[in-house]
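Trainee: Mind having a look at this structure? Questions to follow.
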């Protein structure tokens, strides 16, 4: 399993969410408003949205490319995508674990 974390411009979130919704086999996504800074000279914290997806290994590439396509404006500060391995997942309500819990 993979965890895909993306930081995208807030005004691009609806487009990213809608594009992710179209991926067959993807069971969901989460998002939240965040603030941070990068390498740029800005003094103020930049507001963005964090998108988080847990998926089977075979879907990770599709998830990444979907986020890249939907969030891309070709401008500095478009965001970042990170991918991390997931060792385990457990559904609290049924106690299912592994990929069936995602």
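The values are calculated or read from the model by the stated rules, or taken from the named source; none is laboratory data. Not measured: the values here are computed from a predicted model. Don't worry about glycine lacking a Cβ; one is built from the backbone with ideal geometry, like all the others, and counts go over all protein chains shown.
Trainee: Scan segment 36-58 for residues that are in contact (Cβ under 8 Å) with a residue 40 or more places away in the chain and within 19 Å of residue 17 (Cβ to Cβ) and jot them down.
Mentor: Listed by number, the residues that qualify are 48, 49, 50, 51, 52, 53, 54, 55.
Trainee: Could you tell me which of the residues 19, 60, 42 is surrounded by 10 or more Cβ atoms within 10 Å (Cβ to Cβ) and within 17 Å of residue 82 (Cα to Cα)?
Mentor: Criteria check complete, one pass: 60.
Trainee: Restricting to segment 69-102, what's the tally of residues that are more than 18 Å from residue 32 (Cβ to Cβ) and under 10 Å from the mean Cα position of the chain (by Cα)?
Mentor: Selection size over segment 69-102: 1.
Trainee: Which residue out of 48, 29 is farther than 18 Å from residue 84 by Cα and at pLDDT 95 or above?
Mentor: None of the others qualify; the one that does is 48.
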